[in-house]
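Worksheet: the structure to be examined is printed underneath.
The values are calculated or read from the model by the stated rules, or taken from the named source; none is laboratory data. Predicted model only: the values in this text are computed from it and were never measured. Here the Cβ is made from the backbone with ideal geometry for all residues, glycine too, and neighbour counts use every protein chain on show.
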Amino acid sequence: VGAIPYYRFLWIAAIPVGAMANLGMLWLIADVLNGFMAIPNLIALLALSPIVFRLTRAYFTPS
């Protein structure tokens, strides 16, 4: 609840920046931020891959 004013300020500050910035720069920032969102998912994939391989091998092994 305490972070809402800061979040609101960031959104309001982004309006003039987005209106005046170069479009190429905005796409670059969007790409970088999307990459940052992928980092935790990639870490989780690496951490869970041994479990996935083990379960997949057990599922497809004829019993």
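Cβ-Cβ contacts under 7 Å between residues 6 or more apart (or on different chains), taken from a first residue in the range 19-37 that is surrounded by 10 or more Cβ atoms within 10 Å (Cβ to Cβ) to a second residue that is in a helix (DSSP H, G or I), are listed as LEU26/GLY18.
Looking across the range 53-63 at every residue that is of a type outside the set (Phe, Trp, Tyr) and exposed (fewer than 10 other Cβ atoms within 10 Å of the Cβ), the one that is modelled with the lowest pLDDT is identified as SER63. Give all pairs with beta carbons closer than 9 Å in which a residue from the range 47-63 that is β-branched (Val, Ile, Thr) meets a residue that is surrounded by 10 or more Cβ atoms within 10 Å (Cβ to Cβ); count only pairs at least 6 apart in sequence or on separate chains. Short answer, once both residue conditions are applied: VAL52/LEU45. When each of PRO40, PRO50 is tested for being of a type outside the set (Val, Ile, Thr), part of a helix (DSSP H, G or I), within 17 Å of the chain's Cα centre (by Cα) and exposed (fewer than 10 other Cβ atoms within 10 Å of the Cβ), the lone residue that passes is PRO40.
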